[in-house]
Amino acid sequence: MKKDVIYIDVEDDITAIIEKIKLSTAGIVALVPPRRLGVLQSIVNLKLLKRAAEESNNKLVLITSDKPLMALTAGLAIPVARNLQSRPEIIPATEDTDDTTEVIEGELPPVAGATAAEAVAPAKTEQPAATPKKPSKKFKVPNFNNFRKKALIIGGALVFLVAFLVWAIVYAPKGTVVIKAETDKADLKFAASVNGEASKTDAANYVIKPEVRQDKSNLTQTITATGKKEIGEKAKGTITIKNCDDTEAQSLASGSQFTTAGGLVFVSTQSVTVPGFKGSASSCNSNGTGAGTATVPVQASEIGEQYNVAAQKYSIPGISNWDATGSAMSGGTKKEVTVVTQADVDKAKQQLLEKSNDDIKKKLAEQFDTKTARVITESFTAQAGDVASQPGVDQEASQATVTIPMTYTLLGIRNDDLSAVLSADAEKKIDSKESQRVYDNGYSAVKLTITDKPSATKLQLQLETSSRIGPNINTQQLAQQVSGKRYGEIEAMVTKLPGVKNVETHFSPFWVTKAPKAEKITIKLEVADGS
């Protein structure tokens, strides 16, 4: 395979070197760079050279003993030879290289790990087309990229420092003044309503809109049918009526009865009009001459094979001079089968409703955020819908499935709403709102008792707790007064206020020694221990 030795001039940029590689058709391109050539001290540029060689179907080899350059080629798998007579190798990152530069003209030995087709056979020494120019000494060009990076880093640091100082002086400082005052106990005991249909909580009128959690599911149970029933078909046929009693046409309504000599009853399934007889009554009665005749379909009054009778005469209750003759009756059947009874369904319903609802109640309770709401476990309700059986009651079956649609409901009260109602009642215990205020509305110890449960989403409650009433301190005005003061000054000033037993002052961050602006100060009113 041919090889092409390219000597890189110190003035060549990466574009020029790439162009030389692409113009080579030798198969192997040996680059001989000057020592410490800046353009090859970039891993990006080396990647560009390797790609250019691959795109032009050339094998790239660097002829150098420059340790920094060899270290860069290690990660790119670019073969390196110390001189033109050395065997090219892919240098590992830990390879210790000789710092001496030696370039001897001649053929390149094969690259370690190369295929036989890529191996370079020894040949006559080739001289470069032109003797490389000796790099001329020039002034070092400043690296403006490094200068720009340093400038950006310094500028960014200055901006951060200014921003930090503004934050630390203007925004970060915060102050908290905790005032513990002597208070009096005021017992609270009042009724409140929980109404799931309310648009919102009305604390003044003791109406609380609850949080509602529901689960709709079906209870099912398979039962064994215990009922017995006779089922079958009714025998059917026709009866022909002859009228020898009346010259006028007569009508029989649907459901008219016809009785055999043995007492079996058949009923007509439709109404029929029997014409009047013509001629003499005696002739009609003796041989049927001139009789009015009509035929009507009938069926047995009950199921059973006993109604499958032969053609015979029938009597018509209430009519004596009419002749009724029936055809043979057929189709009557009867058998006893097992059916579902109402008692079977009621028993299954009772068993289903007696099942424990603890799992459902727990599931609903877990849907509440206990950090923001209080679950009223006693509000749990289980409402049953209409019971269904498949097959239905009185239907033939050995087994049936009973289903009850259920709606489970659990109510909760938001902490803010409960606290607002307690505060509303505690406010009524204050004698003078100018000199007193509520310090503790008793929320943490409140006891809720359900007195009535009108529906799944409505409750009547009794709330019972103890509140604490203390001196009315204008916190906004006080924040203005303590702004800019130190710990000792604040505590000395606040402890002089009526009813104040103790004061605690806290500043943050740690470098803050004076109270910040009033809007950055939080004043908390608490009940003093033992009051």
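What follows draws every value from the coordinates through simple rules; no lab data is involved. Remember, predicted model here, so these are calculated numbers, not experimental data. Heads up, the Cβs are rebuilt from the backbone with ideal geometry, glycines too, and the neighbour counts pull from every protein chain shown.
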For the charge dipole of the chain, defined by +1 on Lys and Arg C-beta atoms and -1 on Asp and Glu C-beta atoms about the Cα centroid, which residue among A81, S435, P471 has the Cα displaced farthest towards the positive pole? A81
So which trypsin sites (Lys or Arg not before Pro) in region 193-284 are both in a DSSP loop and have at most 10 other Cβ atoms within 10 Å of their Cβ? K200
Near G276, within a Cβ-to-Cβ distance under 12 Å, what is the net charge of the other residues, with Lys and Arg +1 and Asp and Glu -1? -1
Magnitude of the Cβ-charge dipole (Lys and Arg +1, Asp and Glu -1) of region 233-333 about the Cα centre, nearest 20 debye, reported as 140 debye
Structure-derived Cα Rg over 2.2 N^0.38 Å: which label, when the choices are (1) 2.29; (2) 1.39; (3) 1.14: (1)
Angle, helix 144-166 long axis vs. longest principal axis of the chain, Cα atoms, 0 to 90°, nearest 10? 60 degrees
In the structure shown, of K209/K428; K20/K59; K371/K524; K216/K371, the pairs separated by more than 19 angstrom at the C-alpha atoms are K209/K428; K371/K524; K216/K371
With +1 on the Cβ of every Lys and Arg and -1 on the Cβ of every Asp and Glu, the dipole magnitude of the chain about its Cα centre, in debye rounded to the nearest 20, is 2240 debye
Straight-line reach from K447: which lysines have a Cα under 16 Å away, not including same-chain ones fewer than 8 places off? K189
Cβ-placed point charges (K, R +1; D, E -1), dipole of region 391-437 about Cα centre in debye, nearest 20: 320 debye
Backbone N under 16 Å from the K514 label point (7 Å along Cα→Cβ), restricted to region 169-206: 169-175
Which order, highest average first, do 370-379, 290-299 follow once you tally other Cβ atoms within 10 Å for each residue and take the mean per peptide? 290-299, 370-379
Taking a ≥ b ≥ c as the square roots of the Cα gyration tensor eigenvalues, with a/c under 1.5 meaning rounded and otherwise prolate when a/b beats b/c or oblate if not, region 206-248 comes out oblate
Identify, among S283, P405, S251, the residue whose Cα sits farthest towards the positive end of the charge dipole of the chain, taking +1 on the Cβ of Lys and Arg and -1 on the Cβ of Asp and Glu, with the dipole about the Cα centre. P405
Express the relative contact order of region 233-333 as a whole percentage, based on alpha carbon pairs under 8 Å and six or more residues apart in sequence. 41 percent
